[in-house]
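In what follows, a single structure is set out as structure tokens and then discussed.
Every number here is computed from the coordinates shown, using simple stated rules; none is lab data. On a predicted model such as this, the values are computed, not experimentally measured, just so you know. Cβ atoms come from the backbone with ideal geometry, glycine included; neighbour counts cover every protein chain shown.
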Amino acid sequence: MKEYFEVGQIVNTNGLKGFVKINPFTDNIKEFETFDSIYVQEKDNLVEYKIEAVRYVKQMVLIKLKGIDNIDMAEALRNLYVKVKRDSLPKLQKNSYYIADLLECDVYTVDGDVLGKMDDVFKTGSNDVYVVKSTEGKQILLPAIKDVIQNIDINNKKIIVKLMEGLL
């Protein structure tokens, strides 16, 4: 399983004192208040930054990082991705999963037929939609509902689905 999760992207600066504006990838942006530090993907290195302050503007997160004290330093981080350690994330409810853990899982029907690999997850109003890339390279869209998703085994990277009429 992944040790680090991507939780956002630095999209801009904010003010003159070194705040960065982050487009969050999390369901609950208030989670940023629980992080002591974040990791910024700088080329091939993950650089840890302690968090000094967190604010919110609309659906964006403004963070002041220790050592980033002016707009020029903040500007150097623009467009970089922000990660956190898995153990700093809140515990999930039963039958909830991190998208990063679902990706690349092998997807099978209840009859044992291989459908392909989990490729992406789309958020919709009522339920998520799982995108499975078939062995032929086609996309199969599966609603993430109990009637379709029968079993998810993250440790073995395996998902069992029951196909409803019209899904293929």
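Structure values in brief
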quantity: Amide hydrogen neighbours beyond the local backbone of Glu52, cut-off 5 Å, H modeled; calculated: Lys64, Leu65, Lys66
quantity: Overall Cα dimensions of the chain - principal axes, largest extent first, Å; calculated: 59, 32, 27
quantity: Ranking of Thr26, Thr34 by count of other Cβ atoms within 10 Å, fewest first; calculated: Thr34, Thr26
quantity: Qualifying trypsin sites (Lys or Arg not before Pro) in the stretch 49-83, DSSP loop, other Cβ atoms within 10 Å at most 14; calculated: Lys58, Lys66, Arg78
quantity: Cα shape, the stretch 99-161, gyration tensor, a/c 1.5 rule; calculated: rounded
quantity: Prolate/oblate/rounded label for the stretch 57-112 (Cα gyration tensor, a/c 1.5); calculated: prolate
quantity: Surrounding net charge for Val110, when Lys and Arg each add one and Asp and Glu each subtract one, Cβ distance under 12 Å; calculated: -2
quantity: 222 nm mean residue ellipticity, helices alone, for the chain (DSSP H n ≥ 4; -39,500 (n - 2.57); rounded to 500); calculated: -1000 deg cm²/dmol
quantity: Phi to ³J(HN,Hα) by Karplus 6.51 cos²θ - 1.76 cosθ + 1.60 over the stretch 24-38, Hz, x for Gly, Pro; calculated: x, 9, 9, 5, 10, 5, 5, 4, 4, 5, 8, 7, 7, 8, 10
quantity: Exposure proxy order (Cβ contacts within 10 Å, fewest to most) of Ile145, Ile68; calculated: Ile145, Ile68
quantity: Cut-off 12 Å between beta-carbons: net charge of the residues surrounding Asp147, Lys and Arg +1, Asp and Glu -1; calculated: +1
quantity: Pairs from Lys58/Lys83; Lys43/Lys158; Lys43/Lys94; Lys2/Lys30; Lys58/Lys158 whose Cα-Cα separation, in the structure shown, is over 30 Å; calculated: Lys43/Lys158; Lys43/Lys94; Lys58/Lys158
quantity: Whole-Hz couplings from phi, Karplus 6.51/-1.76/1.60, listed for the stretch 122-138; x for Gly and Pro; calculated: 9, 8, 10, x, 9, 7, 6, 10, 8, 9, 10, 9, 6, 5, 8, x, 8
quantity: Fewest-first ranking of Val129, Val20, using other Cβ atoms within 10 Å as the exposure measure; calculated: Val129, Val20
